[in-house]
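Report on one structure; see the data block that follows.
What follows draws every value from the coordinates through simple rules; no lab data is involved. No experiment lies behind these values; they were computed from the predicted model shown. With ideal geometry, Cβ positions are generated from the backbone for all residues, glycine too; neighbour counts draw on all protein chains shown.
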Amino acid sequence: MREEWASDRLMKTVERPQQTFVRGQGSWLWDSDGRSYLDFTQGWAVNSLGHSPVVLVEALKRQAEQLINPGPAYYNRGMLELASRLCQATGSDQAYFLNSGAEANEGAIKLARKWGQRYRSGAFRIITASNSFHGRTFGAMSASGKPAFQNLFEPKVPGFHKLPFNDLQALDDALDGLCVAVMLEPVQGEAGVLPATLEYLQGAERLCRERGALLILDEVQTGMGRCGSLLAEELYGVRADIVTLGKGLGGGVPLAALLARGNACCFEPGEQGGTYHGNALMTVAGLAVLDTVLEPGFLEHVREVGEHLRDGLLRLSARHQQGALRGHGLLFGLPLQGISAPAVVREALAEGLLINAPQHNCLRLSPALTVSHGNIDEMLIRLGRAMTRARRKKSEVA
């Protein structure tokens, strides 16, 4: 079947370019015509070790030959080992494995409300942030402050109170006895890579402790080394009661985790489940990624190449008179002035570069954590050309 015909059979839930990708290795992808592309999106920060890393491929091969999914009602070795290793590495007490970050955030919402029933006289309201993004399942959409979700699929799940991000006073004023938890992203990725300030995130933790509420950190995008530490909470010196992981945890394999600490570990049998949750294939993928990220020198590499990328983007932004760079580690947002981000993304694709525009005026870059200096230098060249072409085309139209 020709690819252009087959695409008509897919529901049009996203605008995709015409390329069909057939192979990937490290920071590179190849399409069905044999053209190569430098990938600085990596599936929206999913492929933490790059495309088809040997350690992940070999782990999947070995496991697929032995056991794929015995069912969620039974233990498997990968499930047990990953839970133990992940809890030890993050200082958590319990872990539960799911298929996606949205599911992990759904689980966090359920766990917080269960905790509220047990310890807070039925408190259920969860404070989230304006412009936040927690996923596309119904509860996660309801928790999100993304403007595009506001009138979509109404009515949504009630019980969420959205406040301005990085506004500690607003949080102080709203955190009352009906609030069971505060749910925040350390960095708002979909909003244009907006990091929480140190004062805000540390203040949120302090207020939660004072008012007897849980702190939930959505680290689906920022966790697993993306910001230069295993969890972004380490950068801020805070400790959440519940942490959600996804994206980079599976290195490209659908895998997410719900982590809980202290008396937030209150799920009982029958209150959470999923057909594929914690299966043997997905959990060995998580072990391969975790083992790699925790290898001596790995996170130091992320921080070092992150600085190289930051320096290069700062120079590029200054040369093209663009905005102030935002982000941590290997997650950056570059605000644009005078040209639209989608236009730059299109021109970058023509240059053989894959980048993302979460907002009309902002580019997002989330390369593999294994990215090299050479990959970064080549990306900067291609991105510079793309920005020049986008500006030129805008001038020609004007």
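For the chain, take the longest principal axis of its alpha carbons; what is the angle in degrees between that and the long axis of helix 373-397, to the nearest 10 within 0 to 90?
Once rounded, one gets 70 degrees.
Could you list, in their original order, any pairs among LYS146/LYS247; LYS110/LYS247; LYS162/LYS394; LYS12/LYS393; LYS12/LYS110; LYS114/LYS162 whose Cα atoms are separated by more than 26 Å?
Going by Cα-Cα distance, LYS162/LYS394; LYS12/LYS393; LYS12/LYS110 fall outside the 26 Å limit.
Take LEU178 and GLU210, extend 7 Å from each Cα along the Cα→Cβ direction, and tell me the distance between the two endpoints in nm.
So the two model labels end up 2.2 nm from each other.
Binning at 10 angstrom from zero up to the longest distance, how are the C-alpha pair distances of the range 247-388 distributed in percent?
Using 10 Å bins, I get a P(r) of 10, 31, 27, 20, 10, 2 for the range 247-388.
Give me the orientation-averaged projected area of the Cα convex hull of the range 66-203, in nm², one decimal.
10.6 nm²
Tell me, rounded to the nearest percent, the portion of alpha carbon pairs in the range 38-124 spaced more than 17 Å apart.
70 percent
In degrees from 0 to 90, rounded to the nearest 10, what is the angle of the helix 101-119 Cα long axis to the longest principal axis of the chain?
The angle comes out near 20 degrees.
Viscosity 1.567 mPa s, temperature 4 °C: what is the translational diffusion coefficient of the range 319-398 from Stokes-Einstein with a Kirkwood Rh over Cα pairs, rounded to a whole number of µm²/s?
The Stokes-Einstein estimate is 101 µm²/s.
PHE298 versus SER340, label points 7 Å from Cα toward the beta carbon: distance in nm?
Going from the PHE298 label point to the SER340 one covers 4.0 nm.
Between helix 77-90 and the chain, what is the angle of the helix's C-alpha long axis to the longest principal axis, kept within 0 to 90° and rounded to the nearest 10?
90 degrees
Calculate log10 I(q)/I(0) of the range 169-297 for q = 0.12, 0.16 Å⁻¹, where I(q) comes from the Debye formula with a single equal point scatterer on each Cα and nothing for solvent.
Evaluating at q = 0.12, 0.16 Å⁻¹ gives log10 I(q)/I(0) of -0.52, -0.89.
Working out 0.36 nm times the residue gap between VAL14 and GLN169, then minus their Cα-Cα distance, what length gain in nm do you get to one decimal?
Separation in residues times 0.36 nm, less the Cα-Cα distance, equals 52.0 nm.
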